[in-house]
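Values quoted throughout were computed directly from the atomic coordinates according to the rules given, and no laboratory measurement underlies them. All values reported here derive from a predicted model rather than from experimental measurement.
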Amino acid sequence: MSDDPKPPVEGPEPHDPTGLSLAQSTARSVGAQAKRRRRPSTRRSTDPQSSGARPDGRDPKLLSDAVHNLVQSKGWATEISVHTLLAQWGLLVGATNAAHSRPEAYADSVLTIRTDSSAWATQLRLMAPQLVALLNEHLGDGTVTRVKILSPDAPSWKKGLRSVRDGRGPRDTYG
């Protein structure tokens, strides 16, 4: 009966002064936990809100490009071109004519000009065909079809709250 092999007694492992076995067991433990937490890999779907490598409508734009697109979409290009050109009124009609006249309005391809006196209005009426041709040369054919020249505003004779509405006007004061 002395032949019976005795099972080995399990005791604590011998001490490893290098700490290599402790590091290996810790790494195995952390690796096992990471595998349990890892989700199955899924391909990231293309998000419709994110921009890709090529430019598209969602990318930031320069302010000048955004303003240009707004002007084109609203149909303001002609109006802006006309008013930009009219800002250089002195170059169009000459310094002397510009000193006595000013562009007042542009609507429905009609340019309205106000003058200082009836004499200057007559002078600009004589220049109207050349002015229309010059404006259409710079802005495109048909942009300005007619130039309307207005004489200066007449002075108002209405003074105060108690004026006569249908009176004879300035002749009443001269007898």
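Pull out a ≥ b ≥ c, the square roots of the eigenvalues of the alpha-carbon gyration tensor of the stretch 75-150, then state rounded if a/c is under 1.5, prolate if not and a/b is larger than b/c, and oblate in the remaining case. Prolate, since a/c reaches 1.5 and a/b exceeds b/c.
So between His68 and Thr96, what do we pick up on full extension, going 0.36 nm a residue minus the alpha carbon distance? Mind dumping the intermediate values first?
On the way: separation 28, 0.36 × 28 = 10.08 nm, distance 3.51 nm.
Using 0.36 nm per residue and subtracting the Cα-Cα distance, I get 6.6 nm.
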